[in-house]
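Here the structure is laid out as structure tokens; the discussion comes afterwards.
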Amino acid sequence: MFFIKLFYFLKGYVIIRAESIFIERFINICIRRGLRLHSIFKIDDRTISCSMSVSDFLKIRPVAKKTNTKIK
């Protein structure tokens, strides 16, 4: 896991955890707006973990607000 995090750091990726009741809607809106999500893992019914580029992470705030998603 350490090497994966190191690789993402060097490439300019961040690993996020998104928690929401409408997690599928969050993913669909991100795809529609061109925000690339990589390595999506479902943790439970309301939570996913994924990686994305730093530039896409800066654009995710309106999507998170629209779907009431908590991003960590």
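Taking into account only those residues within the range 56-72 that are closer than 20 Å to residue 4 by Cβ and assigned to a helix (DSSP H, G or I), which is nearest to the chain's Cα centre (by Cα)? Step by step, filter the range 56-72, then rank; the result is 57.
Can you name the residue in the range 22-33 that is loosely packed, with under 15 Cβ neighbours inside 10 Å and in contact (Cβ under 8 Å) with a residue 12 or more places away in the chain and, of all such residues, is nearest to residue 69 (Cα to Cα)?
Here is the first cut: in the range 22-33, the ones loosely packed, with under 15 Cβ neighbours inside 10 Å are 22, 24, 28, 31-33.
Going one step further and asking which of them are in contact (Cβ under 8 Å) with a residue 12 or more places away in the chain, we end up with 22, 33.
Numbers: 22: 8, 33: 16 Å.
Filtering the range 22-33 for residues that are loosely packed, with under 15 Cβ neighbours inside 10 Å and in contact (Cβ under 8 Å) with a residue 12 or more places away in the chain, the one nearest to residue 69 (Cα to Cα) comes out as 22.
Tell me, yes or no, whether the range 36-53 has at least one residue that is assigned to a helix (DSSP H, G or I), touching a residue at least 40 places away in the same chain (Cβ under 8 Å) and surrounded by 16 or more Cβ atoms within 10 Å (Cβ to Cβ). Scanning the range 36-53, I find no residue that is assigned to a helix (DSSP H, G or I), touching a residue at least 40 places away in the same chain (Cβ under 8 Å) and surrounded by 16 or more Cβ atoms within 10 Å (Cβ to Cβ), so the answer is no.
Each reported figure results from applying straightforward, stated rules to the coordinates on display, with no laboratory input. Quick caveat, the model's predicted, so the values are computed rather than measured. Note: ideal-geometry Cβ built from the backbone for every residue, glycine included; neighbour counts use all protein chains shown.
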